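For reference, the structure is listed below as structure tokens.
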Amino acid sequence: KKNPLDETREGFFEAARSFPTERGADKFVSSNYLGVSSAVAREIVFRVSGETDTPISECDGNALWREFSSVVNMIKENEYEPCVVLKKDGGTPVEYAFCQACAILHQDSTVADPCISAVFPQRLFYLI
């Protein structure tokens, strides 16, 4: 796996060309780059295609690079917006990320705040 902080546009496209075309673009991102969770990879793809499971062959490569690069730049510039995804049926946490997770808003609800401790319901601290 490669360090996403060091990736170049050329390196990204080279890796994409060698990735199986029928596999999801989210799998390309999460399996090729260190520290990119499945949730963040799905979010990147959702921002490009409006779906989370778009095959890489059906993704606009330039748009995928732009979103990937945008997320990486958030990390480089310490511009985090912690986000916790909560189930609608009682608020059980199902995922968390350092950026907004729009990809799963239609399934669950999210809580976002610049401070990670503010996004977790107080009662969860007793479960950890």
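The values are calculated or read from the model by the stated rules, or taken from the named source; none is laboratory data. Only a predicted model underlies this, so the values are computations on that prediction, with no experimental measurement involved. For neighbour counting, all protein chains shown are included, and Cβ atoms are generated from backbone atoms with ideal geometry for every residue, glycine included. The area values use the complete protein model at the heavy-atom level, side chains included, leaving out ligands, DNA and RNA. Shrake-Rupley method; radii C 1.70, N 1.55, O 1.52, S 1.80 Å.
Summary table below
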read-out	value
Accessible area in square angstrom per residue, segment 4-59, 1.4 angstrom probe	51 Å²
Relative packing of peptides 73-84, 58-69 - highest average C-beta neighbours within 10 Å first	58-69, 73-84
Relative packing of 25-33, 40-48, which averages over residues the other C-beta atoms within 10 Å, highest first	40-48, 25-33
Within the accessible area of segment 1-64 (1.4 Å probe), percent carbon and sulfur	46 percent
